Amino acid sequence: MDINEVVYQTFFPAAGKIIILGGFFEGSILELSGGHILVQCLKDEGVEYVFGYPGGAVLHIYDAIFHQEDVKHILVRHEQGAAHAADAYARATGKPGVVLVTSGPGATNAVTGIATAYMDSIPLVILSGQVPSPVIGSDAFQEVDTVGITRPCVKHNFLVKDVNLLAETIKKAFYVATTGRPGPVLVDIPKDITDPNIKVPYHYPEKISMRSYNPVVSGHKGQIKKAVELLLSAKRPIIYSGGGVVLGEAHRELIELTRLLGFPITQTLMGLGAYPAPDPLFLGMLGMHGTYEANMAMHESDVILAVGARFDDRVTGKLTEFCPYAKIIHIDIDPASISKTVKVDIPIVGDVKPVLEQMLELIKAGNLKPDSEELKAWWDVIESWRQVDCLAYDRDSGLIKPQYVVEQLYQVTGGNAYVTSDVGQHQMYAAQFYHFNKPRRWINSGGLGTMGFGLPAAIGVKLAFPDADVACITGEASIQMCIQELSTALQYNTPVKIVNLNNRYMGMVRQWQEFSYQCRYSQSYMDTIPDFVKLAEAYGHVGIRVEQPEDVRGALEEAFSLKDRTVFLDFVTDRTENVYPMIEAGKAHHDMKLRVAPSAPLDRELS
Amino acid sequence: MRHIISILIENESGALSRVAGLFSARGYNIESLTVAPTEDPSLSRMTLVTRGNDEIIEQITKQLNKLIDVVKLIDLAESEHIERELMLVKIKTTLESREEVRSMVDIFRGKIIDVTPSSYVVEMTGHSSKLDAFIHGCAADSIIEVVRSGPTGISRGEKGLHL
Ligand SMILES: Cc1cc2nc3c(=O)[nH]c(=O)nc-3n(C[C@H](O)[C@H](O)[C@H](O)COP(=O)(O)OP(=O)(O)OC[C@H]3O[C@@H](n4cnc5c(N)ncnc54)[C@H](O)[C@@H]3O)c2cc1C
Ligand SMILES: Cc1ncc(C[n+]2csc(CCOP(=O)(O)OP(=O)(O)O)c2C)c(N)n1
Ligand SMILES: [Mg+2]
């Protein structure tokens with residue numbers, strides 16, 4: 001036996017015939033079954049973790065996983081959790097997340113997670129088992145049309161019809177998922193494709209090109225020049241940046257540009273962290289629950305630089321009254337994001353990073369500067385809006401205020417934690433009160449707003465960064481949607497801290513009912529909320545219930561000092577608290593509902 | 001306005017449903033859709049007729065371009081182009097009406113391709129509006145069935161939609 005052959009036999013006991021054409025690994029052709037090809041592709045792609053759940057259609061693949069340790073499999077408790085965990089791993093690291101599920105219910109359970117990733121443009125590769133090719137279409141056991149079901153919520157999907165095309169298809173999946181505007185890509189693999197008895201030569205292409213897919217990178221020079229000229233002539237400018245800056249790793253360029261110009265900047269929910277929140281140029285988040293100063297500045301601005309943001313309806317409010325005085329520059333890698341809901345004046349299709357770099361070069365090379373007097377006057381107006389102190393809340397309350405818990409979390413973690421969240425009021429408090437100063441630290445479902453995201457997401461992040469503090473800010477309703485993942489957290493020793501802002505209500509729903517349905521709280525509370533302390537303990541974790549404001553800080557400190565334990569902190573918060581400011585559905589930016597805060601003078605004009 | 005979008009798309013199973021799914025999911029209207037492989041069997045050519053204002057058409061072409069399987073597309077309505085549709089019509093005939101139907105078919109440069117004692121099948125190609133006019137010209141109760149391919153089109157001049 002050739003030495004190369006011995007090596008391969010050792011690495012792949014289940015591999016088939018080996019053809020060695022050249023030196024050690026170079027140029028050699030290895031014959032593998034589909035299952036082993038899949039696992040080998042993941043190794044060659046540098047995949048660290050696969051989040052999955054076994055079943056009939058993927059048994060061959062699981063057998064191939066059994067024979068190796070390079071790609072670690074994380075066994076979740078529900079396929080939705082697999083998709084969320086992989087998604088959060090991707091959000092935190094910038095690398096694609098990988099999911100493996102079986103056919104039928106395995107695939108349908110993953111759909112919510114896939115759609116979540118799709119709406120926020122997160123790179124995921126989902127491998128789903130399918131019934132054997134010959135029986136596709138016969139309503140076979142656990143058959144669903146996975147390609148059909150997922151088509152509207154993936155960037156692309158494939159059905160593998162020939163084991164000889166498997167490796168190339170996997171390469172394409174990673175390529176499509178991670179380039180251009182990222183997104184989930186699903187590969188549906190019929191069981192016969194992974195048959196251990198059918199072995200074919202394995203080759204993982206290093207590069208791939210697809211004639212039908214060529215994402216743009218650099219922006220149009222002429223457009224960039226026009227944009228710079230418009231920016232420098234602005235009197236009341238604002239930078240509106242979004243998730244694209246995080247996805248495109250362009251936070252350094254964004255920070256440099258903002259500071260060079262001295263312009264105010266606001267960020268979307270998805271953009272938070274790209275520009276450091278504690279910085280004075282940052283006005284806070286904009287949109288439905290954005291700050292007064294950010295929304296007013298948008299409304300009154302004359303030039304908006306939109307960077308990797310997609311003019312979502314939660315941001316724009318009433319479209320016909322959106323930013324009536326502004327000329328808009330929009331940088332986005334996806335042409336379809338441009339002028340989709342809001343017409344823009346200077347579209348720039350391109351990757352944020354190179355486009356911002358070119359803008360910086362032009363500004364530095366030219367001798368034009370922003371008009372400092374105009375800018376000063378603009379800042380004066382903005383400061384007056386800031387005085388409104390729109391995020392103020394009652395600090396003397398005898399009840400635990402959810403905002404206070406988030407503030408304390410921020411302090412206890414030094415602002416350095418990875419914070420995942422579920423969906424509801426608690427998510428907005430997290431966005432408003434945890435002042436993210438680095439990108440990829442704020443992990444939440446913005447576009448789909450998926451309750452149940454937070455806990456599996458925290459596990460995915462903790463696996464990626466075992467030494468970092470990871471907190472999941474959640475609500476008593478959301479946490480119950482993927483509570484089973486507490487079991488996964490124990491199995492893989494991912495000590496995350498769950499910060500449950502327990503208001504005994506679906507707070508966000510209750511708030512809308514209070515404002516728009518005359519307090520008819522239809523089905524927005526549950527009479528039977530579990531004892532979360534016991535529940536945490538039953539899953540093998542630590543549970544702490546906190547009922548008094550003065551105990552909040554201590555409980556958080558204790559939780560984070562338990563480095564190797566998952567801790568469920570159940571904060572019993574003021575159940576009447578609302579998220580302010582709020583732009584109600586169909587209203588414009590300057591038409592915000594504000595809290596009449598005790599600290600604010602009552603006679604001021606609110607908008 | 002009416003637009004004819006001509007698309008080169010990978011000839012993969014499911015490609016058609018990606019296009020059709022996009023239209024239904026985003027609420028765009030499709031008046032007609034024709035598709036068949038080209039001289040290169042790995043590519044299909046699709047012709048899609050839709051209506052919408054400029055913003056909607058812009059979104060439609062952007063969203064279509066975003067589909068990974070779409071290689072290229074053009075909006076034929078933006079330039080000089082030729083449009084043709086194929087129609088087969090089965091017409092009920094009587095001894096008295098036969099002559100009149102035949103002359104109608106001649107006027108419209110159609111062909112009678114099947115004859116029974118009581119019916120004709122007429123084949124006709126042309127601009128969709130011409131086909132409409134023919135149908136309009138036939139006695140309403142004489143039409144047994146109509147099959148139309150939906151328009152296909154090509155631009156004038158030497159430029160074309162190819163790889
Ligand atoms: C309860 C709830 C309340 C919410 N309230 C608010 C709110 O008050 N304010 C708010 O802002 N949001 C809010 N959201 C979130 C909102 O629904 C949207 O998810 C969010 O506004 C979208 O953020 P974005 O515009 O940054 O776009 P993203 O969804 O992050 O999209 C990124 C954009 O950048 C582009 N892009 C990606 N990569 C690149 C690149 N490399 N280069 C250039 N461009 C790139 C993409 O094409 C896309 O257009 C809320 C969500 C929930 C669930
Ligand atoms: C899967 C899912 N179902 C329903 C909703 C609608 N929804 C949005 S927020 C919310 C209530 C969340 O309650 P909780 O988790 O307790 O958070 P709170 O608002 O009280 O902080 C609901 C039901 C959703 N976003 N996701
Ligand atoms: Mg709640």
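The values are calculated or read from the model by the stated rules, or taken from the named source; none is laboratory data. What you see is a predicted model; the values in this text were computed from it and never measured. Don't worry about glycine lacking a Cβ; one is built from the backbone with ideal geometry, like all the others, and counts go over all protein chains shown. Accessible surface is based on the protein model in full, side chains and every heavy atom, while ligands, DNA and RNA are left aside. Shrake-Rupley method; radii C 1.70, N 1.55, O 1.52, S 1.80 Å.
If I model the range A:476-563 as equal point scatterers sitting on the Cα atoms and use the Debye formula, what is log10 I(q)/I(0) at q = 0.15, 0.17, 0.24 Å⁻¹? Calculated log10 I(q)/I(0) at the listed q: -0.69, -0.83, -1.23. Farthest towards the positive end of the charge dipole of the protein assembly as shown, among the residues A:Gln408, A:Asn493, A:Gly244, is the Cα of A:Gly244, using unit charges on the Cβ of Lys, Arg, Asp and Glu.
Antiparallel beta bridges, as assigned by DSSP with both residues in the protein assembly as shown, represent about 45 percent of the total such bridges.
Within the same chain, lysines fewer than 8 places from B:Lys90 are excluded, and of the rest, those with a Cα less than 22 Å from its Cα are B:Lys111, B:Lys130. Here's the picture: charge each Lys and Arg Cβ at +1 and each Asp and Glu Cβ at -1 in the protein assembly as shown, and of A:Ala555, A:Ile136, A:Gln387 the one pushed furthest to the positive end of that dipole is A:Gln387. For the range B:1-143, the dipole from Cβ point charges (+1 on Lys and Arg, -1 on Asp and Glu) about the Cα centre works out to 220 debye, to the nearest 20.
Of A:Lys226/A:Lys327; A:Lys161/B:Lys72; A:Lys318/A:Lys376, which pairs sit farther than 20 Å apart, going by alpha carbon to alpha carbon? Going by Cα-Cα distance, A:Lys161/B:Lys72; A:Lys318/A:Lys376 fall outside the 20 Å limit. Summing Lys and Arg as +1 and Asp and Glu as -1 over all other residues whose Cβ lies under 13 Å from the Cβ of A:Gln484 gives a net charge of -1. Computed about its Cα centre, the charge dipole of the protein assembly as shown is approximately 760 debye, with only Lys, Arg, Asp and Glu carrying charge at their Cβ. Computed on chain A, the Cα convex hull volume stands at 167 Å³ per residue. Taking the charge dipole of chain A about its Cα centre, with +1 at Lys and Arg Cβ atoms and -1 at Asp and Glu Cβ atoms, the residue from A:Trp442, A:Ala227, A:Ala85 reaching farthest to the positive side is A:Ala227. Counting Lys and Arg as +1 and Asp and Glu as -1, what is the net charge of the other residues whose Cβ lies under 15 Å from the Cβ of A:Thr291? Computed value for this residue: -2.
Altogether, the Stokes-Einstein calculation at 37 °C and 0.692 mPa s, with the Kirkwood radius of the range A:142-256 over Cα pairs as Rh, returns a diffusion coefficient of 182 µm²/s. For A:Thr528, the accessible surface of its heavy atoms amounts to roughly 110 Å² (probe 1.4 Å, protein chains only, rounded to the nearest 10).
What a 1.4 Å probe finds exposed on the protein assembly as shown is 53% carbon and sulfur by accessible area, rounded to a whole percent.
Rounded, prolate or oblate: pick one for the range A:65-178, where a ≥ b ≥ c are the square roots of the eigenvalues of its C-alpha gyration tensor, a/c under 1.5 means rounded, and failing that, prolate if a/b is larger than b/c, else oblate. Rounded shape, in that the Cα axes give a/c under 1.5. Shown for the range A:317-346: residues covered by the partner protein chains by 10 Å² or more of accessible area relative to the chain by itself (probe radius 1.4 Å), namely A:Asp334, A:Pro335, A:Ala336, A:Ile338, A:Ser339, A:Lys340, A:Lys343.
If you take the Cα centroid of the range A:496-522 and the Cα centroid of the range B:95-146, the two points sit 67 Å apart.
Seen against the Cα atoms of chain A and their longest principal axis, helix A:372-386 is set at about 90 degrees.
For chain A, the longest principal axis of the Cα atoms and the long axis of helix A:352-365 meet at an angle of about 50 degrees. Sequentially through the range A:429-441, phi angles give Karplus couplings (6.51, -1.76, 1.60; θ = phi - 60°) of 4, 4, 5, 7, 10, 9, 7, 5, 10, 9, x, 6, 9 Hz, Gly and Pro residues having no value and appearing as x. Output the 0 to 90 degree angle, nearest 10, between the alpha-carbon long axis of helix A:454-464 and the longest principal axis computed from the alpha carbons of chain A. In chain A, helix A:454-464 runs at an angle near 60 degrees to the longest axis.
Couplings for the range A:405-419, taken from phi via the Karplus curve 6.51 cos²θ - 1.76 cosθ + 1.60 with θ = phi - 60°, read 4, 5, 4, 5, 4, 4, 6, 4, 9, x, x, 9, 6, 7, 10 Hz in order; Gly and Pro are left as x. The mean of 1/r over all distinct Cα pairs in the range B:1-106, once inverted, gives the Kirkwood hydrodynamic radius of 15.8 Å. Computed 3J(HN,Hα) for the range A:310-323, one whole-Hz value per residue from the Karplus formula 6.51 cos²θ - 1.76 cosθ + 1.60 where θ = phi - 60°, is 10, 6, 5, 5, 5, 9, 7, x, 4, 5, 5, 10, 6, 6, glycine and proline marked x. Ligands, DNA and RNA aside, A:Lys343 has an accessible area near 120 Å² when probed at 1.4 Å.
Taking all C-alpha pairs of the range A:277-365, those more than 19 Å from each other amount to 44 percent. The candidates A:Tyr434, A:Tyr404, arranged from most to least accessible area with a 1.4 Å probe in the full protein assembly, appear as A:Tyr404, A:Tyr434.
Looking at this model, which pairs from A:Lys172/A:Lys221; A:Lys155/A:Lys593; A:Lys95/A:Lys340; B:Lys66/B:Lys159; A:Lys43/B:Lys62; A:Lys225/A:Lys353 are more than 26 angstrom apart at the alpha-carbon?
A:Lys172/A:Lys221; A:Lys155/A:Lys593; A:Lys95/A:Lys340; A:Lys43/B:Lys62
The GluC sites (Glu not before Pro) found in the range B:31-61 that occupy coil by DSSP, while having at most 15 further C-beta atoms within 10 Å, are B:Glu31, B:Glu39.
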